[in-house]
Each structure stands twice: as C-alpha cells, then as structure tokens.
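Q: Got a structure for you, written out below as structure tokens; questions coming shortly.
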Amino acid sequence: MRARFTGKTVVLGITGSIAAYKACEIASRLVELGASVIPVLTRSARELVGPATLEAITGNRVLLEMFEPLQNPEIEHIAVARRADLFLIAPATANILAKAAHGIADDWLSTTLLATRAPLLFAPAMNTLMYSHPATQANIALLAARGAAFVGPGTGRLACGDEGPGRLADIPYILEAAAMAITRDKDLAGRRVLITSGANHEPIDPVRFIGNASSGRMGRALALEALCRGARVCLIAGPSDVALPDAAEVISVRTAAEMHDAVMERLDQYDILIGAAAVADYRSAAVEQAKIKRTGPLTLSLVPNADIIAEAAGRRRPGQIIAGFAAETENVPENAAAKLAAKGLDLILANRVGGADCAIGAEDSEAWLIRAGHAPQSLGRASKSDIARRLVDAAAGMLPGRDTLS
Ligand code: CTP
C-alpha cells in the first residue's frame, strides 16, 4: 500500500463525531505509509481532538479557522484544494455530508471541499437514526452519484448506546479505501479478477489436519492492487489470519477440493485468475470419523489433489489470463518456465525460497516474471506489494487489446 501514498497529499477532514479521536490513528498510519497529511478540524471536532496532537503526528499545521492570519500563504483553502491528491473525511458527520452534497461552504473544510477536484472519500460516523434518516441517505446518494467514495459505516454498539449502522469503519478498511480512492489509473475498471489465496487444511480426523504456513498476505496484496485499479475482485481464501480487503468478495474455503470447486464454479465470469494459494498437493485417502489414538507408529495414505490452476488453464475461454506462482530453491527462472509450460499458464511470478534471507514468509524475495515465449524478466528483490503490482501490470497488459508487455 505504501506505493499508493508515497509523495501524495491527503487532506484529512475531521468532523465532530465521537469517533474524531480515531483520526489521530488514521493520520499516523497515513504518515507511516508515506503521505503528507494536512489535517482540517471543524469547530466541533476541535472539542474532541487536540490540534497539537495532530500537528505532532503529521508535522503539518492544522487548519482550523477560515480567517485566522496565515503563516504561509500557500496554506490557503484554494491552494490546499489544488494540492490534495485525496480528501478523506473521517469521521464524517451527517452535517458535513449535507454540506458537501449541497455545496454549502461556511467553514474551512466545507469551503475547501467545494474548491477541490481531488477524489473524495467519506467515512461516515453518527447515530444510527441520523444515518438512516432519508435526508442523510439522499445526501450520500447525491455525493456517490458525483463520484465520491464511501467506507463504512460499520454496524454495532454506538457511543450513544444505540445499536445499528453508524460506527466509523475499522481503520484498516479506511486505509484500503483511501488507497483505492487515491489511485487514478483505473486500468482494470470493468474487469473481474479471481484470486486463490492462503493455505489449505486437509483433515485427517475430526480435529487434526495437514496444512502449511502460507499467510495469505500475497493474496491480500494482489486483491488490493486489483481493487485499487478498479477491478471487481473475488478471493477464494483458504484459512489465514490476515484481514482480507473489505471491498473484495471473499469465499472462505478449507480444503484444496473446496478451493477447486469454488474456482471452477466462477472461472467463466472472470478476466484474470491468479493462483496465489499454497494449494495442498495431497489429502488423506480417508478421513477418520473418530479421533486417531496414539497406538504406535502411524502411516497416513495420501492421494493427490487436482492442480487447480492447470485445470483452469486447460478450460479457459479465449482472452482469459491465468497467472500462477512458483516458489523455487534453485534454477528459479528455468524451473518456473518449465512449470509455466507444464501447467499451460500465461504468466508466472517466480521467487526464490530457502536460504537465510529467502525464508517463506519473508517480507521480500528475489523475483522473476516469466511469460510464455519471452525471456524471464528479473524484478530483483521485491516486496509482496511490488510483486502484486508487477504481476497485475503484466496480467492487465496481456488482456485482449492490451498486449503491452515487452
Ligand atoms: N497450484 C494449484 N493447485 C495445486 C498446486 C498448485 O493451483 N494443486 C498453483 C499454485 O497456486 C501456484 C502454482 O500452482 O500458483 C505453483 O504451485 P507449486 O506448488 O509451486 O507447484 P507444484 O505444481 O505443486 O510443483 P512443486 O512440485 O514444485 O511443488
């Protein structure tokens, strides 16, 4: 996600919801991700969160009043409106939604919102009755029709004691939505991307399984990348602890057979399939009904699972792109090219595993992009998000009419 925010200016509008204190965390995460954050506090937000805290977090002056003497003429509402790559209003009250929907400009934030042409992202947070009021819903519909994006609200117990929609969305979801909103190049708009992700658990008895250590982080990075570029994304996700993007459709599966069926059911509707899952190659020939007792040596009989991506490649319709991964310890590009040919794939992202700095689960690894009929392209050491970007770039470039990969 870092690449999406580095060097970008995010204007963080904070309005007077009880959740305003969470804006400090949002600001801090955006700064960590490389954004320059300009906080704008409304008068009521100022009662809830201190400008000094936000200034310390962002290193930027907090914009408060319309007519305070300016220390820097650059920081003036039109200049800020122009400089913004994204306006994130979090939390957004019913009041700011109403003002933004109707072009009311009576304070710093609403005036700047009217002047900017940057993408707008609102994270509403308010009492559930205010949120569900037809006026608020109509304002949201108006803003959405003009291209504004929304994240949340979540549902649950609100500060006022009511239950229902109105909670500020969880911060990771706000950041993901911000990454999507700030990405202007929507080259996958209208495209559908199917991604397998994570591990499989192959049961051997009611409580035990054979599994692997795949974290699901690669699948998550790929999903985010495709979402940022405007694709509709479905993740067929094996067991994993990572939070998957809220904007993706997630189909949770456990075994390789379930993953296989979920992919085959949907394959036809997708433009790109990316196999990022560490699919279990074998399953137990028989799953015991009762817990296996320790009675001395145990021999398990394993049978092979279907190769999901190879089968998908075999039945793909013209124009569909099928991409996979290959984790290799030696002769990485050569072994990966052989895997590409054997499985009939369009594209493989190969990476080196094993060795001190190439452990599975490491933050970055030496990677190559392999495409049928082309020399392997070395990507050097690449992080999961770099890999996701390069792989999605390559797959997008291979879509019909878009063959741009040299
Ligand atoms: N894959 C799959 N179904 C399987 C096994 C693998 O779809 N049953 C996919 C993975 O998601 C990945 C690619 O195939 O995109 C390569 O997986 P890998 O495990 O490296 O390949 P294998 O065919 O299992 O070869 P190896 O003998 O090297 O393990």
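The values are calculated or read from the model by the stated rules, or taken from the named source; none is laboratory data. Since the structure is predicted, the reported quantities are computational estimates derived from the model, not experimental observations. Cβ coordinates were reconstructed from backbone atoms using ideal geometry, including for glycine residues, and neighbour counts include every protein chain displayed. Calculation scope for accessible area: heavy atoms of the full protein, side chains included, ligands and nucleic acids excluded. Shrake-Rupley method; radii C 1.70, N 1.55, O 1.52, S 1.80 Å.
Q: Of A248, A243, which residue is modelled with pLDDT of 95 or more, closer than 30 Å to A149 by Cα, open to solvent by less than 80 Å² (accessible area, probe 1.4 Å) and away from the ligand (no atom under 12 Å from the Cβ)?
A: Among A248, A243, only A248 is modelled with pLDDT of 95 or more, closer than 30 Å to A149 by Cα, open to solvent by less than 80 Å² (accessible area, probe 1.4 Å) and away from the ligand (no atom under 12 Å from the Cβ).
Q: Okay, next question. Based on what the data block shows, is P119 assigned by TED's automatic domain parsing to the domain that holds L41 and surrounded by 12 or more Cβ atoms within 10 Å (Cβ to Cβ)?
A: It is true that P119 is assigned by TED's automatic domain parsing to the domain that holds L41 and surrounded by 12 or more Cβ atoms within 10 Å (Cβ to Cβ).
Q: If you don't mind, another one. Which one is farthest from M259 (Cα to Cα) among residues in the stretch 187-218 that are assigned to a strand (DSSP E or B) and not β-branched (V, I, T)?
A: So the residue we want is R192.
Q: Considering only residues that are β-branched (V, I, T) and crowded, with 21+ Cβ neighbours inside 10 Å, which ones fall in the stretch 12-48?
A: I14, T15, I26, V37, I38, V40, T42
Q: Same structure again: So, in the stretch 336-369, how many residues would count as being within 13 Å of the ligand (Cβ to nearest atom) and modelled with pLDDT under 95?
A: 5
Here is a yes/no grid of residues against (1) in contact with a helix residue (DSSP H, G or I) (Cβ under 9 Å, 6 or more places away or on another chain); (2) hydrophobic (A, V, I, L, M, F, W, C); (3) free of Cβ contacts under 8 Å to residues at least 40 places away in the same chain:
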residue	(1), (2), (3)
H77	yes, no, yes
D85	yes, no, no
A90	yes, yes, no
R117	yes, no, yes
M126	yes, yes, no
I140	yes, yes, no
G164	yes, no, yes
R167	yes, no, no
P172	yes, no, no
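Q: Say whether the condition of being farther than 21 Å from K22 by Cα and either assigned to a loop (DSSP other than H, G, I, E, B) or in contact with a Lys or Arg (Cβ under 6 Å, 6 or more places away or on another chain) (or both) is met by at least one residue in the stretch 129-143.
A: yes
Q: Kindly provide the set of residues from the stretch 153-185 that are under 30 Å from M126 (Cβ atoms) and open to solvent by 40 Å² or more (accessible area, probe 1.4 Å), ordered by number.
A: Those that are under 30 Å from M126 (Cβ atoms) and open to solvent by 40 Å² or more (accessible area, probe 1.4 Å): T155, R157, A159, C160, D162, E163, P165, R167, D170, P172, Y173, R184.
Q: Follow-up. Do you know which residues across the stretch 78-106 are out of contact with any Leu (no Cβ under 7 Å at 6 or more places or on another chain) and open to solvent by 40 Å² or more (accessible area, probe 1.4 Å)?
A: Scanning the stretch 78-106 gives I78, R82, R83, D85, N95, H102, I104, D106.
Q: Right, another one. Quick check on the stretch 301-325: of everything there that is in a loop (DSSP other than H, G, I, E, B) and within 8 Å of the ligand (Cβ to nearest atom), which residue is most open to solvent (accessible area, probe 1.4 Å)?
A: D307
Q: Checking E334 against (1) part of a helix (DSSP H, G or I); (2) within 28 Å of L267 (Cα to Cα): exactly one of these is not met. Which one?
A: Checking E334 against (1) part of a helix (DSSP H, G or I); (2) within 28 Å of L267 (Cα to Cα), the one that fails is (2).
Q: Looking only at the stretch 126-152, how many residues end up being at pLDDT 95 or above and in contact with a Phe, Trp or Tyr (Cβ under 9 Å, 6 or more places away or on another chain)?
A: Qualifying residue count for the region: 8.
Q: What residue, of A310, A338, A290, A286, is under 30 Å from the mean Cα position of the chain (by Cα) and of a type outside the set (D, E, K, R)?
A: Within the list A310, A338, A290, A286, the selection yields A310.
Q: Continuing with the same structure: Find the residue count for the stretch 1-11, including only residues that are open to solvent by 50 Å² or more (accessible area, probe 1.4 Å) and within 20 Å of T112 (Cβ to Cβ).
A: Qualifying residue count, the stretch 1-11: 1.
Q: Can you tell me which residue among V279, V287 is open to solvent by 20 Å² or more (accessible area, probe 1.4 Å) and either in a strand (DSSP E or B) or more than 9 Å from the ligand (Cβ to nearest atom) (or both)?
A: It is V287.
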